[in-house]
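The values are calculated or read from the model by the stated rules, or taken from the named source; none is laboratory data. Here the structure is a predicted model, which is why all the values come from computation and not from measurement. A quick note on method: Cβ atoms are made from the backbone with ideal geometry, for glycine too, and the neighbour counts reach across all protein chains shown. With ligands, DNA and RNA removed, areas are computed over all heavy atoms of the protein, side chains included. Shrake-Rupley method; radii C 1.70, N 1.55, O 1.52, S 1.80 Å.
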Amino acid sequence: MGVWELLLVGLVIVLGLCGVLVPGVPGSWLVWAGVLWWALQDPRPAAWIVLVGATVVLFLGQVVRWALPPRRGLRASGTTPRTEAWAGAGAFLGFFLIPVVGAIPGFIAGIYLHERLRLGSHGDAMAALRTAMRSGGSSVLTEFFTCLLILGAWLVAVIQG
């Protein structure tokens, strides 16, 4: 697989990550489709191992999401699209700064920082954070974390390839 094709697959995966934060967009399935595209073009066994792993991780992520309270979406809690962007950016940065587990505190910190800047006080930002996480933030975090795990596995396989 050429560099340009790898960049296109990476773009599809990143669009899928962004799609997780947008209600109604099948972001996790875009991430999986990007990995499927790559696996179909790459004859190495590592590509198929990553595809099978991505499928299993997505399935387990869906099971966890179904066990969580129903997702009304972050916007139902009064958060703005910018809050979702901050949460996603925080999770993305956290995932790479503190490998893998940093996505969870990064997501929460992203929401907190945006709400602190928007509302002005610590107490109001904490209340907004709790409301956001209760109304669907945990579900969004689960799906986003699942997609980040798939992205990480894909990157490792591509870099080692």
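Based on the Cα atoms of the chain, what semi-axes does the equivalent ellipsoid have, where each is the square root of 5 times one gyration tensor eigenvalue, given in whole Å with the largest first?
On the way: eigenvalues 187, 48, 32 Å².
Semi-axes (√(5λ), whole Å): 31, 15, 13.
How much of the accessible area of the chain, in percent, comes from carbon and sulfur atoms when a 1.4 Å probe is used?
Working: 6260 of 8420 Å².
Carbon and sulfur: 74 percent of the exposed surface of the chain.
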0 to 90° range, to nearest 10: angle between helix 103-119 axis and the chain longest Cα axis: 40 degrees
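Under unit Cβ charges (Lys, Arg +1; Asp, Glu -1), what dipole magnitude, rounded to 20 debye, does the range 57-142 have relative to its Cα centre? Spell out each step's value before the answer.
On the way: 9 positive and 3 negative charges, 44 e Å.
Computed about the Cα centre, the dipole is about 220 debye.
Based on the Kirkwood radius over alpha-carbon pairs, what value in µm²/s does the Stokes-Einstein equation return for the translational diffusion coefficient of the range 98-161 at 10 °C and 1.306 mPa s? It would help to have the intermediate numbers written out before the result.
Working: Rh = 13.0 Å.
In µm²/s, the coefficient is 122.
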Surface accessible to a 1.4 Å probe, residue 25 within the full protein complex, Å²: 60 Å²
Solvent exposure of the range 1-113 as accessible area per residue, Å², 1.4 Å probe: 55 Å²
Per residue, the convex hull volume that the Cα atoms of the range 22-69 enclose (Å³): 61 Å³
Backbone HN-Hα couplings from phi across the range 83-100 [Karplus 6.51/-1.76/1.60, Hz, Gly and Pro as x]: 4, 5, 5, 5, 5, x, 5, x, 5, 4, 5, x, 4, 9, 6, 10, x, 6
